Amino acid sequence: MSSVPFTVPSLAGEVSDAVVKVLDSGWITTGPQTSQFEQEFADYLGAAHVVAVASCTSGLELSLRALGLPPGSAVLTPSLTFCGAINAILHAGHRPVLVDVEEDTLVPGAGTVAAAAGRVDAAAMVVQNQGGYPVDVAALADAAGLDRTRVVEDAAHGPGAARDGAPVGSASFAACFSFYATKNMPIGEGGAVASSDREFADRVRAMRLHGMSKDSWRRYLPGGSWRYDVRAVGLKANMTDVQAAIGRAQLAALPGWQRRRAEIVAAYDAALAGLPGLTLPQRDLAGITHAWHLYQVRVPDRDAVSAELEEAGVATSVHFIPAHRMTAYREILGAEECASVPVTERIAGELLSLPLYPGLTADQVDRVVSALTGALRSRG
Ligand SMILES: *Cc1c(COP(=O)(O)O)cnc(C)c1O
């Protein structure tokens, strides 16, 4: 039986040649390709500075460390997020404080942020563009009583998203992107931090490679020397030129992939409207360009529906199992903190992500639709 995988990475035709060129060049770690990729991704976003890193997770940790907050600071974060984002807060030495989401957008709103900020003296906040929905960073910063320089954006789902014409990351103090295999612009592994602030970007740049004042590429350049200093304790989280060359080829293909994602979303919308028990992704998108990383619906009896789809050859996923339901975080956060996100708790068992990627064919979309229709009608 032919099946519909949950995700298949899109790869531009130019990727293979680009990789071979780097391998032949004699320089395979962070170097000229990485600099070029940073410039091209900055141009794509309309951002002043971009620092390429090993992953979005390391970008989040580097950004939080580069803020220089006192150890143990309270950092607001949605519970409905990926574990890497929670780990980044903990590894940076801080305390995650959970923020509930709004039922329609699946991201924190001004109300839930203000409620969480009212419980603690928050030093910073991580916001997340769930599924590709660009959050209103300025409004959330206001609600938290935080300056924009204390907001770190988890923009793993952000490439292609914009609010009032401004791409996610274009005016951010710190926006962290992911090029993981499943994301809209896959490299396999990789990430980037975009910032409007040169000094902040320079701190992240030094800290992505141990905190060294000069990376080895710059030390090998004509007139370079073996001398360097370590001015801050960094991570080993640089991007290699092999990754960057893949990223440059992928970036050129991204706009076409984004258009295909929007077409698939329109097809799902039209075919799934009105099914019994089904809640479609929210449609109040005035002024918003959605990146459509995920097509997240809500269904009753989610675990059984997901199993039925699997049986019909349609793979699905869940974004996310909330942090407050994970063993390690429950131990760290405690029962009271974990009980502070009732909307997340209520909808966590209903969320279901359908296959959505540029390579998904019209025929596969039909298979997803008929499998989901069957599963819901038999319950309806
Ligand atoms: C994928 C993802 C990350 C982690 O990205 P990596 O590049 O794999 O570190 C962080 N946050 C969210 C919301 C994600 O979906």
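The values are calculated or read from the model by the stated rules, or taken from the named source; none is laboratory data. Because the structure is predicted, anything quoted here is derived from the model rather than measured. Here Cβ is always computed from backbone atoms with ideal geometry, including for glycine, and neighbour counts include all displayed protein chains.
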Checklist entry - What's the number of the condition residue 147 fails, among (1) in contact (Cβ under 8 Å) with a residue 12 or more places away in the chain; (2) of a type in the set (Asp, Glu); (3) more than 9 Å from the ligand (Cβ to nearest atom)? => result (1)
Next on the checklist: Could you check the stretch 103-123 and list, in sequence order, the residues that are in contact (Cβ under 8 Å) with a residue 40 or more places away in the chain and within 16 Å of the ligand (Cβ to nearest atom)?
Outcome noted: 105, 106
Next on the checklist: For the stretch 347-375, which positions are over 23 Å from the mean Cα position of the chain (by Cα) and of a type outside the set (Val, Ile, Thr)?
Outcome noted: 362, 363, 364, 366, 367, 370, 371, 372, 374, 375
Item to check | the stretch 252-294: number of residues that are aromatic (Phe, Trp, Tyr) and touching a helix residue (DSSP H, G or I) at 6+ places or on another chain (Cβ under 6 Å) | outcome: 1
Next on the checklist: Quick check on this structure: which one of 325, 302 is of a type in the set (Lys, Arg) and over 19 Å from residue 75 (Cα atoms)?
Outcome noted: 302
Next on the checklist: Checking the condition within 16 Å of the ligand (Cβ to nearest atom), buried (at least 21 other Cβ atoms within 10 Å of the Cβ), of a type in the set (Gly, Ala, Ser) and at pLDDT 95 or above, which residue from 234, 247 passes?
Outcome noted: 247
Checklist entry - Within the stretch 51-70, which residues are within 15 Å of the ligand (Cβ to nearest atom) and not in a helix (DSSP H, G or I)? => result 51, 52, 53, 54, 55
Checklist entry - Do you know which residues across the stretch 349-361 are surrounded by fewer than 19 Cβ atoms within 10 Å (Cβ to Cβ) and either over 30 Å from residue 5 (Cβ atoms) or small (Gly, Ala, Ser) (or both)? => result 349, 359
Item to check | One residue from 350, 337 being in contact with a Lys or Arg (Cβ under 6 Å, 6 or more places away or on another chain), among the acidic types (Asp, Glu) and away from the ligand (no atom under 16 Å from the Cβ) | outcome: 350
Next on the checklist: Of the residues 166, 194, 181, 174, only one is away from the ligand (no atom under 12 Å from the Cβ), surrounded by fewer than 23 Cβ atoms within 10 Å (Cβ to Cβ) and at pLDDT 95 or above; which?
Outcome noted: 166
